[in-house]
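The structure appears below as structure tokens.
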Protein chains: 4
Amino acid sequence: MNDPHSAQLRRELVDLHRTLVEAALVVWTAGNVSAKVDDRHFLIKPSGVPYDRLTADSMVLCDLDGRPVEGQTLKPSSDVFAHAYVYRHRSDVGGVVHTHSPYATAWAARNEPIPCVLTAMADEFGGEIPVGPFALIGGADIGKGIVDTLAGRRSPAVLMRNHGVFTVGETPRSAVKAAVMCEDVARTVHLSRQLGEPLPLREADIDQLYDRYQNVYGQ
Amino acid sequence: MNDPHSAQLRRELVDLHRTLVEAALVVWTAGNVSAKVDDRHFLIKPSGVPYDRLTADSMVLCDLDGRPVEGQTLKPSSDVFAHAYVYRHRSDVGGVVHTHSPYATAWAARNEPIPCVLTAMADEFGGEIPVGPFALIGGADIGKGIVDTLAGRRSPAVLMRNHGVFTVGETPRSAVKAAVMCEDVARTVHLSRQLGEPLPLREADIDQLYDRYQNVYGQ
Amino acid sequence: MNDPHSAQLRRELVDLHRTLVEAALVVWTAGNVSAKVDDRHFLIKPSGVPYDRLTADSMVLCDLDGRPVEGQTLKPSSDVFAHAYVYRHRSDVGGVVHTHSPYATAWAARNEPIPCVLTAMADEFGGEIPVGPFALIGGADIGKGIVDTLAGRRSPAVLMRNHGVFTVGETPRSAVKAAVMCEDVARTVHLSRQLGEPLPLREADIDQLYDRYQNVYGQ
Amino acid sequence: MNDPHSAQLRRELVDLHRTLVEAALVVWTAGNVSAKVDDRHFLIKPSGVPYDRLTADSMVLCDLDGRPVEGQTLKPSSDVFAHAYVYRHRSDVGGVVHTHSPYATAWAARNEPIPCVLTAMADEFGGEIPVGPFALIGGADIGKGIVDTLAGRRSPAVLMRNHGVFTVGETPRSAVKAAVMCEDVARTVHLSRQLGEPLPLREADIDQLYDRYQNVYGQ
């Protein structure tokens, strides 16, 4: 577990938590990022530690049941079981992010999915951002809600009812990107709806935009 | 009063005022933090001094009637009597914070409590954030309004009508945390209500969330 | 005009413009601060110069008709005649600020004064923040609108219809404070009104709050 | 292409992208600035590169059909064909900016132009900010929508339906200014409309304000 890959991943996790702060997606200690290390382990934020005190060493190494491996000095995030469930059931996922970002959580509190009315939403989410069930923290319920809700959808983000946002990605960085984009479109669609009804996008246009963005965009 | 404990507390108060600024809870000089020093004294922000000019030495040492002890060179915050009242009537309180943070104060101006519709609210506040009475500054009225309104509730935050937010904590840092979380949930619930009605949380779920957060969360 | 007082005032003007930027009251080059130097002159921001390129030397010295005195290398703000009119007609004013801060300007675009529903408004403004007439730039109309609207009121701020905010103060710093507080209360009252009707303050309470704040607050 | 002018332009483009970030007009990698170099070429942001990793060398040199000239190591922004179309059809344009800034995009999602109800809008845009058609990325459609919608108008900004903002200018800096001002007025008019109806400006007043701002303002 002290291999170079893991050390680099720990530093990247510190940076990605800072990105959550800079993007105003989290306050105090209420959000976290995790990163899969290998087939049996992932790293996650320690519980209740302020973002400006996070260090590479403070990240907690856990097995896929969410139990810290021997020798960890800090307790993992209390969301650890949700992250673990996702890694157990989605082998394609290399990073998970959780936030209470305000605009997205406002939709979640109403149990209302964010409709796909922006080309940027079609690009990143390939459709609406769905809402998952209400679930209490501490067991498998939140993780199961995330995985079941995302099944068969292109969206890497889910709004958990009355709670907040979970996003997944091939890498922790792509999960953070999805969290940033989720709040951005949650805000723009919220603002648009305040003064009327945004126009829907056609399904065929959403498909074309999503396909191009996933396959042509970037370097 | 020059013991090491007090010196450290003074530096912490300067840092906590900076946290209020960074969290955008205060503008100009309109908010303050105090810290209980011992059974008969507390430290508080000086009146009308800009946050970026606060120093450890500038914090004003007062007795529990809100009177500066001999030798203080600056006048205490004009909210000093509210803080003093809280310390006299709540021996469990080690820190008090006052802000006019915009979303929370918007609820206060309507005399409307913030309903508990987010798991993060259940965690930190254990129910709604209540509104206290309108009270003029300068005497015991604000302090009494705070203490009476918080009595029998789990919330460490109260919205004083047409005025702003007061929060309490075992330590000044936990009172600042409550002020940060209060504005965060005030904003998210406000946003949610703008486009419909957020779903309520069940009382039993609130109890379970609050209990876990207070007893399991953190290190 | 090269006396030490003027040099210090020029540096203070640079700092106060930076305060407008930090408080998010201005974008690009659309806001300005001026400072009275003596009975016949004031200093004002040069026209169209970005805030991060302002220097003490770049401030433009003008007479009370708004004409740059001989030897100025830059043109004054296009709002110079409004500032000049205020100085000519209000000998108690030592500083004037103009912004298009968004929440306050939103009230101005509706021609609607901001009602006094917050203790912080009673403290600083002693009542509602009034709206002045629509007036075109370049002559005496804006200045006359400011002076006439503020006459007989305690508010140091006026919303000019479809335009923005002007504030006055004994010093440029107190005018900047009024501009910061104006946007803060414009925002909080806006937010409060979005979900209902804020409760009014009683006239007698406003009087008592204003009196105390002006005479007791600060060092 | 390695002449001093081009090197300076590359550095300026890096700075202007930073301005978009500081003005909160863009998140992650979703916005771009381009600059015309000569009659046959322009420089544009590389696709999918984070703003804090942009360097002068990373800017991609393209011909007016949007094809990278030989020797470029990075792919241009996926919006390159829209920029290219504008340069081909508007020889007066030296810079183009694209953002998804939230308030302006909220108007775009409703297919609703921003009415000219602020003197600052009359100054910069000379009337309403219009909405262009929905168009898919990758061909000439977006560019044609921009050029056709701006034809015969004074506004340097257009809201592309369900998409975002494009602005043009004589220089890249003036196009960035238009993007900053567009979001600023989109926000203020949005806020004003939330609580009622902003008063319209008279056409003759808009003309006079626009004329003065274009010809008298600045140094």
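The values are calculated or read from the model by the stated rules, or taken from the named source; none is laboratory data. Computed from a prediction, not measured in an experiment: that's the story for all the values here. Glycine gets a Cβ as well: all are built from the backbone with ideal geometry, and neighbour counts include every protein chain shown. Surface areas here come from the heavy atoms of the whole protein model, side chains and all, with no ligands, DNA or RNA. Shrake-Rupley method; radii C 1.70, N 1.55, O 1.52, S 1.80 Å.
Here are a few things to note about the model shown:
- Flag for D:Leu209 being in contact (Cβ under 8 Å) with a residue 24 or more places away in the chain, over 17 Å from the mean Cα position of the chain (by Cα) and not in a helix (DSSP H, G or I): no
- All conditions in (1) modelled with pLDDT of 95 or more; (2) at the interface with another protein chain (Cβ under 9 Å from one of its Cβ atoms); (3) farther than 27 Å from A:Thr188 by Cβ hold for A:Gly138, with the sole exception of (1).
- When A:Glu112, A:Glu22 are screened for being among the acidic types (Asp, Glu), over 21 Å from B:Tyr213 (Cα atoms) and within 10 Å of chain B (Cβ to nearest Cβ), only A:Glu112 passes.
- Selection count where residues are touching a residue at least 40 places away in the same chain (Cβ under 8 Å) and either assigned to a loop (DSSP other than H, G, I, E, B) or within 23 Å of the chain's Cα centre (by Cα) (or both), scope segment B:187-206: 9
- Residue in segment C:37-57 that is part of a helix (DSSP H, G or I), modelled with pLDDT of 95 or more and in contact with a Pro (Cβ under 9 Å, 6 or more places away or on another chain) present: no
- Test: residue in segment D:66-80 that is touching a residue at least 60 places away in the same chain (Cβ under 8 Å) and either of a type in the set (D, E, K, R) or within 11 Å of chain A (Cβ to nearest Cβ) (or both): yes
- Residues in segment D:91-109 that are within 13 Å of chain A (Cβ to nearest Cβ) and among the small types (Gly, Ala, Ser): D:Ser101, D:Ala104, D:Ala106, D:Ala108, D:Ala109.
- Residue count for segment B:28-61 satisfying the condition of being without any contact (Cβ under 8 Å) to a residue 12 or more places away in the chain and crowded, with 16+ Cβ neighbours inside 10 Å: 0.
- Evaluating B:Val176 against the criteria (1) part of a helix (DSSP H, G or I); (2) touching a residue at least 60 places away in the same chain (Cβ under 8 Å); (3) of a type outside the set (D, E, K, R); (4) more than 13 Å from chain A (Cβ to nearest Cβ) leaves one unmet condition, (4).
- Scanning segment D:163-206 for residues that are surrounded by 24 or more Cβ atoms within 10 Å (Cβ to Cβ), touching a Lys or Arg at 6+ places or on another chain (Cβ under 9 Å) and of a type in the set (S, T, N, Q) turns up D:Thr167, D:Ser192.
- Condition broken by B:Arg154, with the remaining ones in (1) within 14 Å of chain A (Cβ to nearest Cβ); (2) in a loop (DSSP other than H, G, I, E, B) satisfied: (1)
- Screening A:Ala56 on (1) of a type in the set (Gly, Ala, Ser); (2) under 17 Å from A:Phe166 (Cβ atoms); (3) more than 10 Å from every other protein chain (Cβ to nearest Cβ) shows it passes everything except condition (2).
- When segment B:207-219 is filtered for residues that are of a type in the set (Phe, Trp, Tyr) and either open to solvent by 50 Å² or more (accessible area, probe 1.4 Å) or touching a strand residue (DSSP E or B) at 6+ places or on another chain (Cβ under 7 Å) (or both), only B:Tyr217 remains.
- Number of the condition not met by C:Cys182 [criteria: (1) more than 23 Å from D:Val185 (Cα to Cα); (2) within 11 Å of chain B (Cβ to nearest Cβ); (3) in contact (Cβ under 8 Å) with a residue 12 or more places away in the chain; (4) not acidic (Asp, Glu)]: (1)
- The number of residues in segment B:4-27 being of a type in the set (Asp, Glu) and crowded, with 17+ Cβ neighbours inside 10 Å comes to 1.
- The one condition in (1) outside any loop (DSSP other than H, G, I, E, B); (2) within 14 Å of another protein chain (Cβ to nearest Cβ); (3) modelled with pLDDT of 95 or more that B:Val86 fails to fulfil: (2)
- Flag for D:Tyr85 being within 19 Å of A:Gly218 (Cβ to Cβ) and of a type in the set (Phe, Trp, Tyr): no
- Selection status of C:Met160, touching a Phe, Trp or Tyr at 6+ places or on another chain (Cβ under 7 Å), within 14 Å of chain D (Cβ to nearest Cβ) and modelled with pLDDT of 95 or more: yes
- Of all the numbered requirements in (1) of a type in the set (Ser, Thr, Tyr); (2) under 13 Å from the mean Cα position of the chain (by Cα); (3) buried (at least 24 other Cβ atoms within 10 Å of the Cβ), C:Ser155 misses one, and that requirement is (3).
- Of all the residues in segment D:25-38, those that are within 25 Å of D:Val185 (Cβ to Cβ) and within 14 Å of chain A (Cβ to nearest Cβ) number 7.
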